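Trainee: This is the structure, below, for whatever I ask next.
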Amino acid sequence: MDRRKFVKISAIGSAAIVLDPSKEDKVKLNNHSFTKGNSTVISTWKPGLEANKFAWKILSKNGKSIDAVEAGVRVIESDANNKSVGIGGLPDKNGIVTLDACIMDHNYNCGSVAFLQDIEHPISVARKVMEDTPHVMLCGKGALDFAIEKGFSKTNLLTPEAENDWKKWKELQTEKLPEINHENHDTIGMLAIDEDGDLSGACTTSGWAYKLHGRVGDSPIIGAGLYVDNEIGAACATGLGEAIIKISGSHLVVELMRQGLKPNEACYEAVQRIKKTNKNLKDLQVGFLALNKKGEHAGHSMYAGFNYALKNSKTDKLIDTKYEMEW
């Protein structure tokens, strides 16, 4: 066999190996590799186990991560027994349930709603803002009007159980806000990577129980409650939103991963930044969750009790994160 013929046959053989779908297919984009077939979804807190099931129905059929995260958190928005998200969420000081949410895809497209009332699925309204407007965020009555225009129906979000809790709080006459801890927390944040290696994230909440009317936390703020960079990874946050906003927490986690840190290291460093920027850490619970381009994931929190749900083709479980302090 002459050299030219040997090179030609070798090239054809090599191409066949690369294109063989039965082989593990590693793809490299912008110097960051991922493995096809490595679809993963993670979400904050125990309710994430149920949310992940619905996200996985999409990911397991080679669906897009943006569709998966929206479908996943919608489940929790509709759970009236969850008092920190969607319908059934605890109201503000005036007894009014106000919702915040944001969503972000692999192309830096993002949408957000804040101080939204009477709509069960703020995450889907946020996606409509992303896809149907030139804006990123709509708030208050403007967000509600937009939702109605897009076909969303008004819903009474204040359940009898949540209303009773609010009345009991009012009767205390202290108007002290409840502590944000492992028993009382807000937000479901969800991050996913799909078959094509594309990352997306979603975050939705009814916010801090009995907050001042008009208060908005980190959850609808791109870069604070959620951030996605498809070259690097994605991050979301939960806990005291005011502290997370101050350090642009989720963006910080992603940028730390850009510098080479693993998800666990990046989340740890973000918590250290919270410690540096807040003099009083008593009852200041925050938690960060990260997923990188390779499908590696981790979380870290200020206090014990933060966990996240993981689901992929091999695993479906709740993971306790490392933390700085005990309660």
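Throughout, read-outs are computed from the coordinates displayed, never taken from laboratory work. What you see is a predicted model, and the numbers here were worked out from it, not measured in a lab. As a convention, Cβ positions derive from the backbone with ideal geometry for all residues, glycine included, and neighbour counts pool all protein chains shown.
Trainee: Pick out which of 92, 229, 165 has the largest mean-square fluctuation in a Gaussian network model of the chain, springs linking Cα atoms closer than 10 Å.
Mentor: Taking springs between Cα atoms under 10 Å, the residue moving most is 165.
Trainee: Then there is this: Tell me which residues come under 5 Å, amide H to amide H, from residue 325 once H is placed; ignore anything under 5 positions away on its chain.
Mentor: HN-HN under 5 Å from residue 325: 303, 304.
Trainee: How would you classify the range 148-287 from its alpha-carbon gyration tensor, with a ≥ b ≥ c the square roots of the eigenvalues: rounded for a/c under 1.5, else prolate if a/b is greater than b/c, otherwise oblate?
Mentor: Cα axes put the range 148-287 in the oblate bin.
Trainee: Considering only the other residues whose Cβ falls under 12 Å of the Cβ of residue 316, what net charge follows from Lys and Arg at +1 and Asp and Glu at -1?
Mentor: Once all neighbours under 12 Å are counted, the net charge is +3.
Trainee: Modelling each spin label as a point 7 Å along the Cα-to-Cβ direction, I'd like the residue 170/residue 242 distance in nm, to one decimal.
Mentor: Calculated label separation equals 2.3 nm.
Trainee: Go ahead and run the numbers for FRET between residue 231 and residue 319, Cβ-Cβ distance against an R0 of 22 Å, rounding to 0.05. Could the numbers behind the result be given before it?
Mentor: Values: r = 25 Å, r/R0 = 1.15.
Working from the Cβ atoms, E equals 0.30.
Trainee: Next question, about the same structure. Taking amide H positions as placed 1.01 Å from N in the peptide plane, with prolines and chain starts having none, which residues 5 or more places from residue 285, or on another chain, fall under 5 Å of its amide H?
Mentor: Distant-sequence amide H within range of residue 285: 180, 240.
Trainee: Still on this structure, please answer the following. Give, rounded to the nearest 20 debye, the magnitude of the charge dipole that the range 33-325 has about its Cα centre when Lys and Arg contribute +1 at Cβ and Asp and Glu contribute -1 at Cβ.
Mentor: With Lys and Arg at +1 and Asp and Glu at -1, about 460 debye.
Trainee: Take each of the peptides 48-54, 38-44, 234-240, 142-148, average the number of other beta-carbon atoms within 10 Å over its residues, and list them starting from the highest.
Mentor: Values: 48-54: 21.4, 38-44: 26.9, 234-240: 31.3, 142-148: 18.7.
Peptide ranking by packing, descending: 234-240, 38-44, 48-54, 142-148.
Trainee: Highest GNM mean-square fluctuation, the chain, Cα pairs closer than 10 Å: which of 64, 154, 276?
Mentor: Answer for the Gaussian network model of the chain: 276.
Trainee: With each label point set 7 Å from Cα along the Cα-Cβ vector, what nm distance links residue 195 and residue 283?
Mentor: 4.9 nm
Trainee: Need one word for the range 33-325: rounded, prolate or oblate. Basis is the Cα gyration tensor (sqrt eigenvalues a ≥ b ≥ c); a/c below 1.5 gives rounded, then a/b vs b/c decides. Don't skip to the end; give the middle numbers.
Mentor: Details: a/c = 1.65, a/b = 1.22, b/c = 1.35.
Since a/c reaches 1.5 but b/c is at least a/b, the shape of the range 33-325 is classed as oblate.
Trainee: Among 84, 60, what is the fewest-to-most ranking by other Cβ atoms within 10 Å?
Mentor: Details: 84 23, 60 15.
So the residues, fewest neighbours to most, are 60, 84.
Trainee: Just want to confirm a number: the relative contact order over the chain, from Cα pairs under 8 angstrom separated by 6+ residues, in percent.
Mentor: Dividing the mean separation by the residue count of the chain yields 20 percent.
Trainee: For helix 263-277, report the angle its Cα long axis makes with the longest principal axis of the Cα atoms of the chain; keep it between 0 and 90° and round to the nearest 10°.
Mentor: Orientation of helix 263-277: about 30 degrees from the principal axis.
Trainee: Something else: With n ≥ 4 as the cut-off for DSSP H runs, can you work out [θ] at 222 nm for the chain, using -39500 (n - 2.57) per run divided by the number of residues, rounded to the nearest 500?
Mentor: -10000 deg cm²/dmol
Trainee: Now for a separate question. Could you size up the charge dipole of the range 193-255 around its Cα centre, putting +1 on the beta carbon of Lys and Arg and -1 on that of Asp and Glu, and report it in debye to the nearest 20?
Mentor: The dipole of the range 193-255 has a size of about 660 debye.
Trainee: Through the Karplus equation 6.51 cos²θ - 1.76 cosθ + 1.60, θ set to phi - 60°, convert the phi angles of the range 54-65 into ³J(HN,Hα) values in whole Hz; use x for Gly and Pro.
Mentor: After applying 6.51 cos²θ - 1.76 cosθ + 1.60, I find 6, 5, 5, 4, 7, 5, 5, 9, 6, x, 7, 4 Hz.
Trainee: Once Lys and Arg get +1 and Asp and Glu get -1 on their Cβ, which of 56, 114, 76 lies farthest toward the positive end of the dipole of the chain?
Mentor: 56
Trainee: Assign unit charges at the C-beta atoms only (+1 for Lys and Arg, -1 for Asp and Glu), then state the dipole size of the range 195-299 relative to its Cα centre in Debye, rounded to the nearest 20. Can you show the working numbers first?
Mentor: Numbers: 12 positive and 12 negative charges, 136 e Å.
For the range 195-299, the charge dipole is close to 660 debye.
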